[in-house]
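One structure is given here, and the rest of the page talks about it.
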Amino acid sequence: MSQHLIALPIVLPMLAALVLVLLAGRIPDRHQRLLSVAFTALLVLVNLALLSRASGGEVAFYALGNWQAPFGIVLMLDRLSALMLTLTSVLAVGCVLFACAGDDTRGSYFHALFQLQLMGLDGAFLTGDIFNLFVFFEILLLASYALLMHGGGKARIGAGLHYVVLNMTGSALFLVALGVLYGATGTLNMADMARRVASLSSDQTALVTAGGLLLIVVFSLKAALLPLYFWLPHAYAAAPAPVAALFAIMTKVGLYAILRMQTLVFAGSPAAPAIDTWLWWSGLATLALAAVGVLAARDLRTLIAYLVLISVGTLLAGTALQSPAANAALLYYLPHTTLICGALFLIAELIGRQRGKAGTHLVRGRRLYQRFLLGGLFLVAAIAVAGLPPMAGALGKLMLLQAVEGSARLWFWPLLLLAGLCTLVALSRAGSVFFWASYRGEVATGRVSRTQLSGVLWLLASAPLLVLFGGPMSAFTLATAQQLAQPQAVIAELLGDAAAAQASQFHEIPGEAP
Amino acid sequence: MATLVAPLLALALLLIQAPAVLAGDVVTLQLAWMPLLGLDLALRLDGLALLFALLILGIGTLILYYSGDYLSADEDDGRFLAYMMLFMASMLGIVVADNLLLLWLFWELTSIASFLLIGFWGSHSDARRGARMALTVTSAGGLALLAGFLLLGQAAGSFALGEVLAAGDAIRASDHYPLIVALVLVGAFTKSAQFPFHFWLPHAMAAPTPVSAYLHSATMVKAGVFLMARLNPALGDTALWSLCLTLTGLTTLLYGAWFALLERDLKGLLAFSTVSHLGLITLLLGLGSPLALAAATFHILNHATFKAALFLGAGIIDHETGTRDLDRLGALWSMMPLTGTLTLLAGAAMAGLPPFNGFLSKEMLLGESLETDVLGTLSVIIPLLVLLGATLSVAYSLRLMWRLFFAAPRRSREQKALPPMAVHDPAPGLLAPGLSLAALSLLVGLFPMALAAPLVQAASWAVQGEATLELHLTLWHGLNWPLAMSLLAIAGGVVALRQHRRLAQIAALFSPRDASRSFEAAVLRVIKASLWLTQRLETGSLQRYQALLILCALAMAGIGLVKLDTLTGAAGMQSLDAMLVLGAALTVFAAISSALSHRWRLVSILMLSVVGLMVSLAFVRFSAPDLALTQLSVEVVTMILMILALFFLPQRPPLLVSGRRILRDLVLATALGLVTAMLNYALLTRERPAIADYFLRESVPGGGGANVVNVILVDFRGFDTFGEITVLTLAGLATFGLLHGLKLFMPAGNVEGIRWSPQRYPLILAVISQLLLPLALLVSVNIFLRGHNQPGGGFVAGLITATALILQYMARGHAWTRTRLPISYPIVAVSGLAVALATGLGSWLFGYPFLTSAFGHFHLPLIGDIELATAMLFDLGVFLAVVGATLMILVNLGRVTTIHRPSLEEP
Amino acid sequence: MEALFSLVVGVLTASGVYLLLRARTFPVIIGLSLLSYAVNLFLFSSGGLRTNAAPVIGASLAPTDPLPHALVLTAIVIGFAMTAFVVILAVRARSELGSDHVDGQHGEEEGPR
């Protein structure tokens, strides 16, 4: 059974979705919720088991249909994918708990769609096949379309339309890129492709470069890099709170895909430097403009959406550095920023409900019903997201800053630090408007329910926990980064040593194909 | 009072360590935390840390005691005390940290605590503004400090404080040294309110007075000074360092003192005086001689005692009289003798009058200012300016004491009508802390060797980095220059006080600016600018975002193409024939007309369907029968869907497009088309290494089917198909959500205004569809069964079935069909998925991975040998999912045209 | 032949992209469909263009690469699901936003942009 564990993160949510649809309308909402939470919690356990398995350092493969790579599809579990899987399910627990307080019944099939979304995410993190990645991207996208517009309403449909059309164009480009890559390399398995890319003639390398760059455009759209991020603030601000919180991981799927391509498929190929250049400048520009957007935001939700963008810019600029230290740093920073941005979306919803008409707009409003509770939650989340101690954001930022070397610092340090300052200024304004500058009289509606609170606390707990276990966690991310730095090991594991030798020969002399 | 337990306990622990530290030892504690980061939980107690820790805990205890009586009963003192304790802990962390990064963590934490405490009365707008300003300025400094620390750690090779302090020479020799000094000093200056970052401190006075006493005079603002002292061995002893500190210190000293003299608000006066004294300490650190460093540490101690006492006194006066306006207060001596004593003692120390402790450290400053040559030949002006500063400080101290206790209050006419203030000394809880601090400042002045010298000496050792100095503190040094200067300063101060009105008139010539307002205005300007920029970028226009996406794709694919040596590859081209040319021409024509006729929507759809047809023909021509079948059946369903949808969309939209826009779009579209064509051409004319042979070889023996495409779909890459039917089902579920609660514009007639035919279900269609249904079902079964060996399969079969069923709905209406076909399509789709999933999971029972197929020849009685593959079961799942999902989408859309709306309660 | 095929793919792409950049939901949908035809042909051709070489064992002597066929089939189905979704979304957007402009009435007001 244990060898099948790798397939469970995909199978389990699928099963959950099937059960939930089949039982829709047949069992009370309460039981539906219970089922959904239970399945999500089970997923966390499965993923933790996978995490402990992957932390041994061995890359595990799972050949679907028992067809060996590169002919069949394989699932690939290394430290990176285990980390992303665990992160996703941990985030999902918080979101689903929160949704159980009533957001789920505003439209149809919320929990089933939610589980399918998880299935898509997990599949994207696990698959070792590039076309299969496309399929899982489509699953997670379609689920995200539905979830984004869950409950309907003008803002959601408007933002949703943009999101859908842009991503459909993106999917078309994805297929073109796949066609180019398959045409040039003749394979779809990532490790096999890496091996073949390494032994291509320069003529075909140019084609691979074109395909690779096109692929990166698609991933940049998902990750929301400049100039492809403009859809994000509207979409995230309009989405229902638990969905917006879950979407905190969506940009990271793009990041993950880019990281995977850069460290495995294109490692050492001529495409890699071009991609790095793009990621570096675009990431920095995203960081800068997102910081500007944080200051400009007039609504807390929009503000948080820009915070998501800040983390995207930071992470992708970090990816461009292509050093194990930088990767270790960004993998430490990533879970924290994802979970905290998620928590912030949930907190914003709670604040909005208790402020009546003023909602989450940054204007004076009536006093919150549970001022100190929400104020405390907001404070913790704000400190964490701004990268201030004693939360893990500060440590993540420290690691990132340290990982940058040489002239790259000149850009990265000021931008990252200034973005932190902008965050702080914006959040302190928001906090003082919400919690200090209130009119007399309270809005007595929207009392925080126990499930909502538990969802928020579950996510917020990551901030102190990542500090407390900073040592082991950073050791793990460093090990992950080191594993990523050795694509030959993956190739050898999957396709045999001869294949790896072929690839490693290339990796030693980058730019010169035999 | 229970809150006092923790600080007292800490104080006791500190005192246990004190003797060792005073002897020059350094007590440390090291725990590894994040070795990767160079961050350890390392603590260090040396002389400097001891001095600060004593101040933090000692004064902290007194102030916590005081706060118990200060806050009124209805205030949330639990929250207040929690913030205070948070602050106390983080401040202690700064002073005992033995790791630069750890120090920084605590440093930022004090900024947060200070923000919360200044904003404690957040319902007042000045408290909010003050809090935000303090947070912004100090954390901006904190970020600069962080950058400085990172560079410093790199130059020193470690973040451990001990190693950094020992690596002074290496640091001073590093290229980054000027940058490190600049960044660290920005951090220190913002925290310690040095000019030009001083402006936040007076506005921090919106905090409750115990906070001002504790954070903004005795401890937190000293963190910057502490940092400079702490890093003196590593960074100090260069011209750059001395120059920066001396000049900043002098400027701040004079600036603060001048504004303190003019200030009307009691706490504002104390705040400016704090700024001035912090400048004094910075100046001493800049002078850098051993004695100057000792004087700096000594003054840190002295200032903390007398200034905290003064704040506590100011708090009492505010608390009892309800005002802090110096002009309205006066003649309080007779009513508040104890408060008066407190203020007079501490005020005298602030003025630097003998025999108070302030006198001692000021004498040392005056002495050192005469010795220095920091400014080269210009060094002469230092003693003069210091003298001026000392004069001003005498003047404002005297003014404070005079106005509060002896001068008559100035009152407006209305105020005179009110009865005179009747106030009295407060309860001992409020008085005792202040009085003991004031007494301490007197005692230290009288017995400096006994009370202060060992501590100051140990601290100054830490600042110097070597334990050489033997400190002698006495009140009487004999007749010398410093004494003369002190006397001069006192005389000057008295004169300045007498001429106060004239000075104020001079000051009034320069229009005063409220720092908090201009700061807020600056922030607002920044926000406005960012709003402008953001709105420019995010116009909310999908067309623009699409254009950007396409531009990116164009650029990226272009980069690859440019690197290609020749477009035509080695494999070359195959020959053309007439059919191909005709087909291509038709496709091109249809595609272009579809694009151009987009405003005549029906035409556009028709042209689109022609393209679809041509594409399926292309599939036929190029040996892909499966694809052709699939494309064709998808085409049919898509057309039905689009025409249904067209019903709800405007038939002919208004033309709203500029010529330039069209040109831009044409250029973009042509460019991407060209790039795609070139990529495609380049690929087609090159040899392909492929894994195809494996599939062709293994299809029959390994997959049990002759139709390789189908075997790939259900076996080799069955997982893709599994995902694909998930997408389909998801689409069904998702559209269900979209159609749920939909309000539609229902046009009553077509675009020409002709009403729809009242005949809802045409008879001919009804008859034909009924005839077609069994036929279609039969075809589906056939296509399904043969799929594994010949073109076909579950997907195509599913689509054909779905189309036939949809025809029934169209011909007979929803209600009619519903009663005869009482099936819930979501259930059908989901059971399809379930079948596929179960097939996949079934292989686990036999110990094989997910979706492993098995096939075999089974011998059944009567029928004989048949071949069965589990892949067939999987394909059945595909079939069901396709039927269910397609019908879910189409029937629901069709149904909203009638009165039925989809709802969750499907039967 | 290869040049002609690429030309057709290019024209389909260009027509699709042009429609994608229109301001109404309907042409955008048509554009997406055209684009997906182009993309499917592109992906299909990555296995080479062969006549009379259907990848059915026994039907032809030298069958063509079957893998792109399977990929395109998957892509067609996924494309169908997506098209269906976006068509319904367009209907919903019309009713919710009161306009078939891709930016809703907000786009309508600002006129040509």
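The values are calculated or read from the model by the stated rules, or taken from the named source; none is laboratory data. Computed from a prediction, not measured in an experiment: that's the story for all the values here. Note that we place each Cβ from the backbone using ideal geometry, even for glycine, and neighbour counts take in every protein chain shown. Note: areas computed on protein heavy atoms with side chains; ligands, DNA, RNA excluded. Shrake-Rupley method; radii C 1.70, N 1.55, O 1.52, S 1.80 Å.
A:Ile27 - would you say it is touching a Gly at 6+ places or on another chain (Cβ under 7 Å) and not polar (S, T, N, Q)?
No; evaluated as a whole, the condition is false for this residue.
Is it the case, given these coordinates, that B:Asp715 is within 28 Å of C:Met82 (Cα to Cα) and touching a Pro at 6+ places or on another chain (Cβ under 6 Å)?
When the stated conditions are applied, B:Asp715 does not pass them.
Can you work out which of the residues in the stretch B:559-592 that are facing chain A (nearest Cβ under 8 Å) and surrounded by 15 or more Cβ atoms within 10 Å (Cβ to Cβ) is farthest from A:Gly160 (Cα to Cα)?
Among those residues, the one meeting the criterion is B:Gly569.
Would you pick out the residues in the stretch B:254-277 that are assigned to a helix (DSSP H, G or I) and either open to solvent by 10 Å² or more (accessible area, probe 1.4 Å) or touching a His at 6+ places or on another chain (Cβ under 8 Å) (or both)?
Within the stretch B:254-277, B:Leu254, B:Tyr255, B:Gly256, B:Trp258, B:Phe259, B:Leu261, B:Leu262, B:Ala271, B:Phe272, B:Thr274, B:Val275, B:His277 meet the criteria.
All but one of (1) within 12 Å of another protein chain (Cβ to nearest Cβ); (2) open to solvent by 10 Å² or more (accessible area, probe 1.4 Å); (3) touching a helix residue (DSSP H, G or I) at 6+ places or on another chain (Cβ under 9 Å) hold for A:Gly376; state the number of the condition that does not hold.
In the conditions (1) within 12 Å of another protein chain (Cβ to nearest Cβ); (2) open to solvent by 10 Å² or more (accessible area, probe 1.4 Å); (3) touching a helix residue (DSSP H, G or I) at 6+ places or on another chain (Cβ under 9 Å), A:Gly376 misses (3) alone.
Only residues that are facing another protein chain (nearest Cβ under 7 Å), under 29 Å from B:Phe199 (Cα atoms) and open to solvent by less than 20 Å² (accessible area, probe 1.4 Å): list them for the stretch B:515-548, please.
Within the stretch B:515-548, just B:Ser530 meets the criteria.
Would you say A:His150 is within 24 Å of B:Gly732 (Cα to Cα), touching a Lys or Arg at 6+ places or on another chain (Cβ under 7 Å) and within 9 Å of chain B (Cβ to nearest Cβ)?
Considered against the rule, which asks whether it is within 24 Å of B:Gly732 (Cα to Cα), touching a Lys or Arg at 6+ places or on another chain (Cβ under 7 Å) and within 9 Å of chain B (Cβ to nearest Cβ), A:His150 comes out as yes.
Against the definition (surrounded by 17 or more Cβ atoms within 10 Å (Cβ to Cβ) and of a type in the set (A, V, I, L, M)), how does B:Ile506 come out, yes or no?
For B:Ile506, the condition - surrounded by 17 or more Cβ atoms within 10 Å (Cβ to Cβ) and of a type in the set (A, V, I, L, M) - is not met.
For A:Gly123, are the conditions met, namely being open to solvent by less than 10 Å² (accessible area, probe 1.4 Å) and either at the interface with chain B (Cβ under 9 Å from one of its Cβ atoms) or within 21 Å of the chain's Cα centre (by Cα) (or both)?
Judged against the criteria, A:Gly123 is a match.
Look at the stretch B:170-198 and say how many of its residues are open to solvent by 50 Å² or more (accessible area, probe 1.4 Å) and part of a loop (DSSP other than H, G, I, E, B).
So the count comes out to 5.
Between a residue in the stretch A:476-490 that is within 14 Å of chain B (Cβ to nearest Cβ) and any residue that is at pLDDT below 90 and open to solvent by 50 Å² or more (accessible area, probe 1.4 Å), which pairs come within a Cβ distance under 8 Å, given they are 6 or more apart or on different chains?
Correct list of pairs: A:Leu478/B:Leu36.
Within the stretch A:89-111, does at least one residue satisfy the condition of being part of a strand (DSSP E or B), at the interface with chain B (Cβ under 10 Å from one of its Cβ atoms) and open to solvent by 10 Å² or more (accessible area, probe 1.4 Å)?
No.
Could you tell me how many of the residues in the stretch B:697-715 are without any contact (Cβ under 8 Å) to a residue 60 or more places away in the chain and out of contact with any helix residue (DSSP H, G or I) (no Cβ under 6 Å at 6 or more places or on another chain)?
5
Among B:Ser123, B:Ser111, B:Ser158, which is the only one that is assigned to a loop (DSSP other than H, G, I, E, B) and within 11 Å of chain A (Cβ to nearest Cβ)?
Result of the check over B:Ser123, B:Ser111, B:Ser158: B:Ser123.
Of the residues in the stretch C:49-72, how many are within 7 Å of chain B (Cβ to nearest Cβ), open to solvent by 10 Å² or more (accessible area, probe 1.4 Å), on the phi < 0 side of the Ramachandran plot and not in a strand (DSSP E or B)?
So the count comes out to 5.
Take B:Glu371 and decide whether it is touching a residue at least 12 places away in the same chain (Cβ under 8 Å), surrounded by 19 or more Cβ atoms within 10 Å (Cβ to Cβ) and of a type in the set (Asp, Glu).
Criteria not met by B:Glu371.
Given (1) crowded, with 23+ Cβ neighbours inside 10 Å; (2) in contact (Cβ under 8 Å) with a residue 24 or more places away in the chain, where does B:Leu150 come up short, assuming only one miss?
The single condition B:Leu150 does not satisfy is (2).
For the stretch B:210-219, check the following and say yes or no: at least one residue is in a helix (DSSP H, G or I) and either open to solvent by 10 Å² or more (accessible area, probe 1.4 Å) or free of Cβ contacts under 8 Å to residues at least 12 places away in the same chain (or both).
no
If I go through the stretch B:692-715 residue by residue, how many of them are at the interface with chain C (Cβ under 7 Å from one of its Cβ atoms) and part of a loop (DSSP other than H, G, I, E, B)?
Count: 1.
Name every residue in the stretch B:593-604 that is facing another protein chain (nearest Cβ under 7 Å) and in a helix (DSSP H, G or I), in order of residue number.
Residues satisfying the conditions are B:Ser594, B:Ala595, B:Arg601, B:Ser604.
Among (1) of a type outside the set (Lys, Arg); (2) under 24 Å from B:Gly718 (Cβ atoms); (3) touching a residue at least 60 places away in the same chain (Cβ under 8 Å), there is one condition A:Phe98 misses while meeting the rest; what is its number?
Result: A:Phe98 passes all but (2).
How many residues, within the stretch A:131-160, are at pLDDT 95 or above and over 24 Å from A:Leu20 (Cβ atoms)?
Total satisfying the criteria: 4.
Which residue pairs have Cβ atoms closer than 6 Å, lie 6 or more positions apart in sequence or on different chains, and pair a first residue in the stretch A:387-408 that is within 10 Å of chain B (Cβ to nearest Cβ) with a second residue that is assigned to a loop (DSSP other than H, G, I, E, B)?
These pairs meet every condition: A:Ala394/A:Gly387; A:Ala394/A:Leu388; A:Lys397/A:Gly387; A:Leu398/B:Leu37; A:Met399/B:Leu37.
Take residues that are under 16 Å from the mean Cα position of the chain (by Cα), at the interface with another protein chain (Cβ under 9 Å from one of its Cβ atoms) and within 20 Å of A:Leu316 (Cα to Cα) and tell me which of the helices (runs of 4 or more DSSP H) falling wholly in the stretch A:199-282 contain 3 or more.
A:202-223
Say whether the condition of being without any contact (Cβ under 8 Å) to a residue 24 or more places away in the chain, under 13 Å from the mean Cα position of the chain (by Cα) and within 12 Å of chain A (Cβ to nearest Cβ) is met by at least one residue in the stretch C:83-95.
Yes, the stretch C:83-95 contains at least one residue that is without any contact (Cβ under 8 Å) to a residue 24 or more places away in the chain, under 13 Å from the mean Cα position of the chain (by Cα) and within 12 Å of chain A (Cβ to nearest Cβ).
Restricting to the stretch A:78-114, and then to whatever is among the polar types (S, T, N, Q) and under 16 Å from the mean Cα position of the chain (by Cα), can you tell me which residue is farthest from A:His150 (Cα to Cα)?
For the stretch A:78-114, the residue satisfying everything is A:Ser81.
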